[in-house]
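The structure under discussion appears below in the form of structure tokens.
The values are calculated or read from the model by the stated rules, or taken from the named source; none is laboratory data. These figures come from a predicted structure and were not determined experimentally. Cβ atoms come from the backbone with ideal geometry, glycine included; neighbour counts cover every protein chain shown. These area figures cover heavy atoms from the full protein model, side chains too; ligands, DNA and RNA do not enter into them. Shrake-Rupley method; radii C 1.70, N 1.55, O 1.52, S 1.80 Å.
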Amino acid sequence: MTYIQDIARPLTESGLVAPEAIKGCTPQEVDSLMEAQHVSHIPESYREFLLFGGRDPYWLNRGGEWDYDWLLEGKEIAREIVEDDYHEDFTPFAESFIFQTHQGYMFNFFRQEDLEEPDPYFWIYTGDRPLRKSTTRFTAWINILAEELPRAIELRNRMHGN
């Protein structure tokens, strides 16, 4: 069993996530993402995530844009954020893999030198602020999202009267 299956199991067993909401990418779709972002590798932990439930990962978190269709254009979206919005040089990110954007001003990415690591830390670009390295590795971050899910669902239900 993979780490992401271990993370998802209690969420589905408790009824927080419907099993049919978890949709994974095909291996061909993972290859298409890598091709679209011009990389030859992605971290194994991220690949496992994509294959299990990353085609439409909003079952886990709605805090950014990170589904398959969005990520096909993720590199270009990140380029627009850096160049058009902040008038900076995109070169440091050109060989990276962008795996999540957020409201058009920030994105999470794996640096080129981390793409072959099994479970790397990731990096966060936020406009004019200095680049930040995540405080956890990718799998730990996914686990944190899963742990926060019950509170996020409760808050969403209170806000929307459900």
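Only Lys, Arg, Asp and Glu carry charge here, each on its Cβ (+1 for the first two, -1 for the last two); on that basis the chain has a dipole of about 740 debye about its Cα centre. Label point 7 Å out from GLN103 along Cα-to-Cβ: which residues of the stretch 52-90 have amide N under 13 Å? The answer is 63-65. For the pair MET159 and GLN112, the difference between a 0.36 nm per residue extended length and the Cα-Cα distance amounts to 12.9 nm. Gain on full extension, evaluated as 0.36 nm per residue between GLU35 and ASN143 minus their Cα-Cα distance, stands at 36.1 nm. Here the calculated FRET efficiency for GLU20 and TYR58, from their Cβ-Cβ distance with R0 = 22 Å, stands at 0.95, rounded to the nearest 0.05.
Each listed q (0.15, 0.18, 0.21, 0.28 Å⁻¹) maps to a log10 I(q)/I(0) for the stretch 1-69 from the Debye sum over equal C-alpha point scatterers, namely -0.48, -0.68, -0.89, -1.33. Legend: residues SER96, SER32, sorted from most to least accessible area (1.4 Å probe; ligands, DNA and RNA excluded), read SER32, SER96. Placing +1 on each Lys and Arg Cβ and -1 on each Asp and Glu Cβ, with no other charges, gives the stretch 1-97 a dipole about its Cα centre of roughly 540 debye.
Once the chain from ALA152 to MET1 is taken as fully extended at 0.36 nm per residue, the excess over their C-alpha distance is 51.7 nm. Given in Å, the Rg to one decimal and the Dmax to the nearest whole number for the Cα atoms of the stretch 41-128 are 12.6, 37. Solvent-accessible surface of the chain, taken per residue with a 1.4 Å probe and all protein chains present: 54 Å².
Annotation: amide H-H contacts under 5 Å for GLU65 (H modelled 1.01 Å from N, sequence separation of 5 or more, or interchain): THR101, HIS102, GLN103.
Accessible surface of the stretch 37-162, 1.4 Å probe: 47 percent of it comes from carbon and sulfur atoms. Distance distribution note for the chain: the fraction of Cα pairs above 28 angstrom is 21%.
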